[in-house]
1. Within region 185-205, is even one residue farther than 25 Å from Thr284 by Cβ and of a type in the set (Asp, Glu)?
2. Taking the conditions exactly as written (farther than 27 Å from Arg175 by Cα and within 16 Å of the chain's Cα centre (by Cα)), does Thr47 satisfy them or not?
3. If Ala207 passes every condition in (1) closer than 17 Å to Val293 by Cα; (2) surrounded by fewer than 20 Cβ atoms within 10 Å (Cβ to Cβ); (3) among the small types (Gly, Ala, Ser) but one, which one does it miss?
4. Just wondering, is there one or more residues in region 161-179 that are of a type in the set (Asp, Glu) and assigned to a strand (DSSP E or B)?
5. I need every pair where a residue in region 193-204 that is touching a residue at least 40 places away in the same chain (Cβ under 8 Å) has its Cβ under 7 Å from the Cβ of a residue that is of a type in the set (S, T, N, Q) and crowded, with 24+ Cβ neighbours inside 10 Å, sequence separation at least 6 or different chains.
6. From the list Arg153, Arg131, Arg112, Arg145, pick out the single residue that is in a helix (DSSP H, G or I) and charged (D, E, K, R).
7. Surrounded by 23 or more Cβ atoms within 10 Å (Cβ to Cβ) and either touching a residue at least 24 places away in the same chain (Cβ under 8 Å) or of a type in the set (Lys, Arg) (or both), is that true of Gly217?
Amino acid sequence: MNLSEVGEFGLLRRLGLLEASPPPGPVVGPGDDTAALPLEGGFLLCTADALVEGVHFRRGWGRPEDLGFKTLAVNVSDVAAMGGTPWAFTLTLSAPPALPVAWIEGLYRGLREACRTFGCQMVGGDTTSARDVTLSLALLGRTDRPVLRRGARPGDDVYVSGAPGESAAGLALLRCGRSGRFPELVRRHLRPEPRLELGRSLGETGAATAMIDVSDGLLQDLGHLLRASRVGAELWVERIPLTTRLQQAARELGHGVLDWVLAGGEDYELLFTCPPPARRQVQTLARAAAVPVWRIGCIVEGSSAHLLHRGRPWGESVAGYDHFRKPGP
């Protein structure tokens, strides 16, 4: 059996790193958006991610400044999904010796801009030679009350923020050489905006019972949350937001718009659950964060997500991103 046969999440399950049993005590380990380690008066959040050339990006698709910004942003999104605040990070840069220094300088300009935007700083790292560019970032954050994936309960509402699917549409436009047609969709892929303020306020107020960021696709990440919480969900297809530009791009490329929304990945929106009495509070927090949120389903007894369209089963089949089963960009 090889990696393409078992897949990314199958591998993590075999290694005991996906939806693992909670460690003893207050520590949160594998199976959530970040680790959470108790400190006096709160928790230290720890997360790590890598962006690999040919898997996550192509150098010719955008400015190095955007890639530098994205390298930090995708990690900040994990901290946002825990209701936390980013603090400090290390970055390991692997690059071919022939890579122009000007490109690396642009990368770090984007990284420094992200530091100012998200209020954190680089405190170390490493550089090494490699055939392709790889950016491996480890981020620390803080929170008084981490919001975990495993807190959803039957009866809770299911929400998603922003505009899921737009990043996947941007990637499709880059792949077919039509990035100038819908520049805002392309920007959503090259320069994501983690929902830091919204995640922090959902955590601080206790409004969210469970939360995850959408990086592998809405359905895939909802599945992670459901398995961690040991519940099921109804997802109402007609309530899932579809922006005008997303629908226009789908028509022009002949692509199913809901495939992008449900399985596209790299949205870095927040998918979260809240009890019905918190509905007004959720909208108040969303307005304060200047991010729209959409109530797209509810948590039920069971162990899986059921797609419904106006109360009837919706039979489309979609799957999220898997590093070992899908090609890179």
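Coordinate-derived values only; no laboratory data. Every value quoted in this text rests on a predicted model; they were computed, and no experiment measured them. FYI the Cβ positions are ideal-geometry reconstructions off the backbone, even for glycines, and counts take in every protein chain you see.
1. No, every residue in region 185-205 fails to be farther than 25 Å from Thr284 by Cβ and of a type in the set (Asp, Glu).
2. Working: farther than 27 Å from Arg175 by Cα: yes; within 16 Å of the chain's Cα centre (by Cα): yes.
Yes.
3. (2)
4. Checking region 161-179: not a single residue is of a type in the set (Asp, Glu) and assigned to a strand (DSSP E or B).
5. Listed pairs, sorted by first residue: Pro194/Ser77; Arg195/Ser161; Leu198/Ser161.
6. Arg112
7. yes
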